[in-house]
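See below for the structure under consideration.
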Amino acid sequence: MTVHLEAKPGDIADTVLLPGDPLRAQAIADRLDDASCTNRVRGMLGFTGTFEGVRVSVQGTGMGLPSLSIYAHELMVDYGVKRLIRVGTCGAMQPHLALGDVILAMTASTDSNLNRRQLDGLDFAPCASFALLQAAVAAAAALGLTVHVGGVFSSDVFYDDTEAWKRLAAYGTLVEEMETSALYSLAAKHGAEALAILTVSDLIATGEALSSADREQRCTAMIDVALKVAAGAAS
Ligand code: HPA
């Protein structure tokens, strides 16, 4: 048991899918065999079951770098989790991206001060696990899915008074979300592997967005890829 998780030691698999939304954790658990609930603290649902015979967990993280950091830290430090796969939504920063597109985050820029604070002012360059990224590219190809691989922008600010995202868009950054920089940095710190798989839920330039009903349906492809990666990585 930790401050935020009530799972018993051994209740959580080596590979954990991390949706921001706890209800998406429930929806992913519905895709697992023999899933049991491992966490209800703060309503941040977690489950462990099997996918294609391989033990997999899923744990909600909430929104933003600080909330994800708490869950990722406790999963790695207190439960020995080895692989963390974020599954979340994002806003497209490039005109060639469309609603529902799947993004594999190779690296994450950020406006957060989290790493500078932890690293005495240095800029750490967080990156995905190459093995997980390669596995996700292969899984997506096997499923007949087109994915975009590149950099993402992990921002502290959803309702932004500035257009700072345009600076990073000019450097080819694909999408904006709010967690990946912290996930990759913490995984590096703790010697674990991490990957963020994202679905485009809105287009920042136009404000066009998926409805909440469409959102869950359009997240299926991302979850298919994540489960395949989890099953392959752990076996
Ligand atoms: N910005 C940040 N996080 C997001 C967005 C966005 O546009 N869309 C979905 N998550």
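All conditions in (1) among the hydrophobic types (A, V, I, L, M, F, W, C); (2) surrounded by fewer than 16 Cβ atoms within 10 Å (Cβ to Cβ); (3) within 27 Å of residue 159 (Cα to Cα) hold for residue 3, with the sole exception of (3). Evaluation of residue 140 against the conditions (1) within 12 Å of the ligand (Cβ to nearest atom); (2) surrounded by 19 or more Cβ atoms within 10 Å (Cβ to Cβ); (3) of a type in the set (A, V, I, L, M, F, W, C) shows that the sole unmet condition is (1).
In the stretch 31-59, the residues that are under 16 Å from residue 15 (Cβ atoms) reach residues that are of a type in the set (D, E, K, R) and in a strand (DSSP E or B) with C-beta atoms within less than 8 angstrom, at least six apart or across chains, in these pairs: 48/55; 49/33; 49/34; 49/55; 50/33; 50/34; 51/33. Of the residues contained in the stretch 191-208, none is found to be open to solvent by 60 Å² or more (accessible area, probe 1.4 Å), part of a helix (DSSP H, G or I) and either touching a Ser or Thr at 6+ places or on another chain (Cβ under 6 Å) or away from the ligand (no atom under 14 Å from the Cβ) (or both). For the stretch 98-126, filtered to residues that are part of a strand (DSSP E or B) and in contact (Cβ under 8 Å) with a residue 60 or more places away in the chain, the residue that is surrounded by the fewest Cβ atoms within 10 Å (Cβ to Cβ) is 107.
When the test is whether a residue is away from the ligand (no atom under 16 Å from the Cβ) and touching an Asp or Glu at 6+ places or on another chain (Cβ under 6 Å), residue 186 does not pass it. Scanning the stretch 73-110 for residues that are over 12 Å from the mean Cα position of the chain (by Cα), under 21 Å from residue 229 (Cβ atoms) and small (Gly, Ala, Ser) returns 80, 100. Quick check: is even one residue across the stretch 77-96 buried (at least 18 other Cβ atoms within 10 Å of the Cβ) and part of a helix (DSSP H, G or I)? Yes: one or more hits.
For the stretch 143-183, the tally of residues that are near the ligand (Cβ under 10 Å from one of its atoms), of a type in the set (D, E, K, R) and more than 17 Å from the chain's Cα centre (by Cα) stands at 1.
Annotation note: Cβ proximity below 6 Å between a residue of the stretch 6-25 that is of a type in the set (Asp, Glu) and a residue that is in a helix (DSSP H, G or I) (sequence gap 6+ or interchain) occurs for 6/41; 14/234.
The values are calculated or read from the model by the stated rules, or taken from the named source; none is laboratory data. Keep in mind it's a predicted model, so treat the numbers as computed, not measured. We place every Cβ from the backbone using ideal geometry, glycine too, and count neighbours over all the protein chains shown. Each accessible area value is taken on the protein alone, full model and side chains, heavy atoms only, with ligands, DNA and RNA left out. Shrake-Rupley method; radii C 1.70, N 1.55, O 1.52, S 1.80 Å.
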